[in-house]
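Colleague: What follows is a structure written as structure tokens; I'll ask about it next.
Bear in mind that the values in this text are calculations on the coordinates, not laboratory data. All values derive from a computational prediction rather than experimental measurement. Cβ coordinates were reconstructed from backbone atoms using ideal geometry, including for glycine residues, and neighbour counts include every protein chain displayed.
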Amino acid sequence: MIILLNQYAVKLNIEAGVFCISSPEVGDRKVSPYKVKAFHVYKSASITTGAMLLANKHQIPIIIHENNYQPAVRIHSTTYGNHPHIRRQQCLFSASNNKLDWCKQNIIRKAEGQAKILVGISLRGQHGPEFQRWEVHFNLAIQRLVDGGHELQEIRMHEAQISKAYWHLLSLDMRKFLPFSCRNFHPAKDEFNAALNYLYGMLYNQIETAALSAGLDPQVGFMHADQYGSSGLVYDLIEPYRPVCDELLLKLAHQSKVTVQLFEKQTSGCTITESGIAHLVQGYLKRMTERETYKGKQVRLKDKIVYMCFELARYLTKEFDFNA
């Protein structure tokens, strides 16, 4: 299970070799470390050194958040194993032309997920000529990526064209639910982007945890630029899974589980309330347990993400030869 400690005065401690979560409202709750996948701790909560050491012993990551979605501190095991060799190969791969096909296929996978969402919207048959015109633009942009995309800048250009059409099509579908004009980040200017940013934040944490567990360096990316404090590889790995969050938000909006009433607009931007967060977290965790096909087997989506990171690590150390 993933445990969120986001209520005022909640404390994470240990008692008799297990985690003890103390709350002024509900008292003490004991949890075995074998049942915990990760802790997400917010500023209103506290955690003891003993709890940190127990989490480290069982390789349970602790993510401390500065606000609703952005991680500020990550505590994880210092057992490195084969990590130096993996990360050395990762740097070599990032500096080589071999990464171009990987980057192209990564964006194609994201576009295929987006296309699947748009097919579902089209089947509802509630949109007119404008939707059909932009759908044509979207499909043409994907085809140009498939046919071209021989340089990194060209891949980025085609991705931008795909994204422009995709977000416009989603805005047409969301007009009666969570209206938005364009994709924006932090701070979000509307309810749709505030909710999507929160979902992407949870996905970011999950992928970063999986990358670290596989021995990868989250900061050495292949497509996203290396910038100070930026996790380039995480932003690369997250791309094919962004449509999972997009589709989930559309589903919650159409089911009226996430509505404009669950948000607060301020001069600095739009934020989501605790009630809205609860709906998003519940929907996200449920989606992560749903099964998808991976190498001919049915696996949970959250496990598929982990397998993807280990598969990349194996490729870098077993198949990729920088001297070839």
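Colleague: Counting only helical runs of four or more DSSP H residues, what would the 222 nm mean residue ellipticity of the chain come to if each run contributes -39,500 (n - 2.57) and the total is spread over all its residues?
Modeller: For the chain, the value works out to -16500 deg cm²/dmol.
Colleague: So, one more: How much length would be gained if the chain were fully extended between Ser268 and Glu247, taking 0.36 nm per residue of separation minus their Cα-Cα distance, in nm to one decimal?
Modeller: So the chain would gain 4.9 nm between Ser268 and Glu247.
Colleague: Another one. Between Gln105 and Glu319, with labels modelled 7 Å along Cα→Cβ, what's the label distance in nm to one decimal, could you check?
Modeller: If labels sit at Gln105 and Glu319, their model points lie 0.5 nm apart.
Colleague: May I ask which of Lys189/Lys265; Lys35/Lys57; Lys99/Lys302; Lys37/Lys302; Lys99/Lys297 have a Cα-Cα span longer than 18 Å here?
Modeller: Lys99/Lys302; Lys99/Lys297
Colleague: Taking the Cα centre of the range 2-75 as origin and charging only Cβ (+1 Lys, Arg; -1 Asp, Glu), how large is the dipole, in debye to the nearest 20?
Modeller: 200
Colleague: To the nearest 0.05, what FRET efficiency results for His186 and Glu25 with a Förster distance of 45 Å applied to their C-beta separation?
Modeller: 0.90
Colleague: Under 1.5 on a/c is rounded, so check that first for the range 83-319, then, if it is not, pick prolate when a/b is larger than b/c and oblate when it is not; a ≥ b ≥ c are the square roots of the alpha carbon gyration tensor eigenvalues.
Modeller: It is prolate, given that a/c is not under 1.5 and a/b is the larger ratio.
Colleague: While we're looking at this one, here's another question. Could you tell me which GluC sites (Glu not before Pro) in the range 231-313 are loop residues by DSSP with no more than 13 other beta carbons within 10 angstrom of their beta carbon?
Modeller: For GluC sites (Glu not before Pro) across the range 231-313 that sit outside H, G, I, E and B with at most 13 neighbouring Cβ atoms in 10 Å, the list reads Glu290.
Colleague: Using a simple charge model, +1 on the beta-carbon of Lys and Arg, -1 on the beta-carbon of Asp and Glu, nothing else, what dipole does the chain show about its Cα centre, in debye to the nearest 20?
Modeller: 660
Colleague: Still on this structure: Taking the Cα centroid of the range 31-75 and of the range 89-109, what is the distance between the two, rounded to the nearest whole Å?
Modeller: Rounded to whole Å, the Cα centres lie 32 Å apart.
Colleague: Separate question: Among His279, Phe177, Tyr42, whose Cα projects farthest towards the positive end of the dipole of the chain, with charges put on the beta-carbon of Lys, Arg (+1) and Asp, Glu (-1)?
Modeller: Sorting the options by dipole projection puts first His279.
Colleague: Ignoring chymotrypsin sites (Phe, Trp or Tyr not before Pro) that are buried or in helix or strand per DSSP, and keeping those with at most 11 other beta carbon atoms within 10 Å, what is the longest stretch of the chain between them?
Modeller: 81-184
Colleague: For an R0 of 25 angstrom, estimate the FRET efficiency from the Cβ-Cβ distance between Tyr294 and Lys116 and round to the nearest 0.05.
Modeller: Once rounded, the FRET efficiency stands at 0.90.
Colleague: At 7 Å along Cα-to-Cβ for each site, give me the label-to-label distance between Gln126 and Ile75 in nm.
Modeller: Those two pseudo-labels are separated by 4.6 nm.
Colleague: Under a cut-off of 18 Å between alpha-carbon atoms, report the aspartates and glutamates in cross-link reach of Lys116, not counting same-chain residues fewer than 8 places apart.
Modeller: Straight-distance partners of Lys116: Glu135, Glu159, Asp173, Glu239, Asp246, Glu247, Glu290, Glu292.
Colleague: Sticking with the crude label model, points 7 Å out along Cα→Cβ, report the distance from Thr259 to Lys57 in nm, one decimal please.
Modeller: For the pair Thr259/Lys57, the computed spacing is 4.9 nm.
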